[in-house]
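The values are calculated or read from the model by the stated rules, or taken from the named source; none is laboratory data. Source: prediction; values computed, not measured. Heads up, the Cβs are rebuilt from the backbone with ideal geometry, glycines too, and the neighbour counts pull from every protein chain shown.
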């Protein structure tokens with residue numbers, strides 16, 4: 001039996017990012033035009049991504065609470 005994958009619309013994420021920016025925060029938000037539900041390989045450039053997210057690891061490891 002195949003499982004149906006339910007996708008979450010990107011509109012909710014866009015609204016969240018807009019609200020964070022309106023509150024004075026500076027979230028880093030990257031939206032991949034060909035992104036599907038499973039984009040971790042693209043983000044982390046693990047699958048020889050055609051368009052990896054520039055500077056991702058530098059940004060990731062500079063984050064602090």
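Numbers for the structure displayed
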{"quantity": "Total residues in region 42-58, condition at pLDDT 70 or above and over 11 Å from the mean Cα position of the chain (by Cα)", "calculated": "4"}
{"quantity": "Region 31-40 - residue that is surrounded by 12 or more Cβ atoms within 10 Å (Cβ to Cβ) and modelled with pLDDT of 70 or more and, of those, farthest from residue 10 (Cα to Cα)", "calculated": "39"}
{"quantity": "Failed item in (1) modelled with pLDDT under 70; (2) surrounded by 11 or more Cβ atoms within 10 Å (Cβ to Cβ); (3) within 13 Å of the chain's Cα centre (by Cα), with residue 16 passing the rest", "calculated": "(1)"}
